[in-house]
Amino acid sequence: MTRADRVLSTPPTNTSALPMDPTRRRFLTVAAVGSMVSAGTLAAAAFTPNDVPQAVTVSSVSPALRAAIDRLAEVHTELEAASEAENAANDLFLVWVHSHPQPKSKKGKRRWIKQMGAYEREVLSADWQALIAAEQAFAAAQTAVAAIPISSPADLHAMAVCSAIYDEVELNRHNRAPIARVVAQEYFRLGKAVLA
């Protein structure tokens, strides 16, 4: 076996010809949802007898789940609006901070800190409280979707799609992805039923 006589004679090992997604979490989420959807389709196909026409096996999403998903979409829109309002208020606060430089003297610093705190409470408090309330409503709507019992493959697919959209929303608190947990449990249950 020949040895490389210099560093540049070997191809780099840490590069790829294909563009890469910089976030590993997004890649894993997409891969997991894709495999769950494909596994669920196989599991649903395994439950269906061969003599049943395909048009009969296509089901629609249950009305309760559809209503819960619609409510989640409404609450998500409200959350986005609250987030934009809080970001705008935060921008106002940052403009104030940059336009009022911190003084050098101790007495001036204390006065400046008090003024900054008062302005922060005046500008940010209401929007921050509205954002937290919107996040709590969003979390409650996520939990409401997850609480709907899955009664058909269409329900399972709708919940999987809903999970891919709404369980990735960034919140100030940790988004626990309750819909994804229910979908994963259902796919696991279906997989065990197919294997049995």
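Residues ASP51, ASP70: which one is of a type in the set (Asp, Glu), at pLDDT 90 or above and exposed (fewer than 15 other Cβ atoms within 10 Å of the Cβ)?
ASP70
Among (1) under 30 Å from GLU186 (Cα atoms); (2) part of a helix (DSSP H, G or I); (3) of a type in the set (S, T, N, Q), where does GLN129 come up short?
(1)
Going by the conditions given, is ALA141 without any contact (Cβ under 8 Å) to a residue 40 or more places away in the chain, surrounded by 16 or more Cβ atoms within 10 Å (Cβ to Cβ), under 21 Å from the mean Cα position of the chain (by Cα) and in a helix (DSSP H, G or I)?
Judged against the criteria, ALA141 is not a match.
So ARG111 passes all but one of these: (1) modelled with pLDDT of 90 or more; (2) closer than 21 Å to SER83 by Cα; (3) touching a Pro at 6+ places or on another chain (Cβ under 8 Å). Which condition number does it fail?
(2)
With the structure loaded, tell me whether ILE179 is assigned to a loop (DSSP other than H, G, I, E, B) and either among the aromatic types (Phe, Trp, Tyr) or in contact with a helix residue (DSSP H, G or I) (Cβ under 6 Å, 6 or more places away or on another chain) (or both) or whether it fails that test.
no
Which of the residues that make up region 158-180 are free of Cβ contacts under 8 Å to residues at least 40 places away in the same chain, exposed (fewer than 14 other Cβ atoms within 10 Å of the Cβ) and touching an Asp or Glu at 6+ places or on another chain (Cβ under 9 Å)?
ARG173
Has region 68-75 got any residue that is in a helix (DSSP H, G or I) and either among the hydroxyl-bearing types (Ser, Thr, Tyr) or more than 19 Å from the chain's Cα centre (by Cα) (or both)?
No, region 68-75 has no match at all.
If only one of ALA134, ALA118 is part of a helix (DSSP H, G or I), touching a residue at least 40 places away in the same chain (Cβ under 8 Å), out of contact with any strand residue (DSSP E or B) (no Cβ under 9 Å at 6 or more places or on another chain) and not β-branched (Val, Ile, Thr), which one is it?
ALA134
Cβ-Cβ under 7 Å, sequence separation 6+ or interchain: first residue in region 86-111 and touching a residue at least 40 places away in the same chain (Cβ under 8 Å), partner of a type in the set (D, E, K, R) and surrounded by 10 or more Cβ atoms within 10 Å (Cβ to Cβ). Which pairs?
That search, which allows pairs on different chains as well, returns GLU86/ASP127.
So in region 144-157, with the set limited to residues that are part of a helix (DSSP H, G or I), in contact with a helix residue (DSSP H, G or I) (Cβ under 6 Å, 6 or more places away or on another chain) and in contact (Cβ under 8 Å) with a residue 60 or more places away in the chain, which one is farthest from LEU171 (Cα to Cα)?
Restricting to residues being part of a helix (DSSP H, G or I), in contact with a helix residue (DSSP H, G or I) (Cβ under 6 Å, 6 or more places away or on another chain) and in contact (Cβ under 8 Å) with a residue 60 or more places away in the chain, the top hit is PRO153.
The values are calculated or read from the model by the stated rules, or taken from the named source; none is laboratory data. The model shown is predicted, which means the values in this text are computed figures rather than measured ones. Note: ideal-geometry Cβ built from the backbone for every residue, glycine included; neighbour counts use all protein chains shown.
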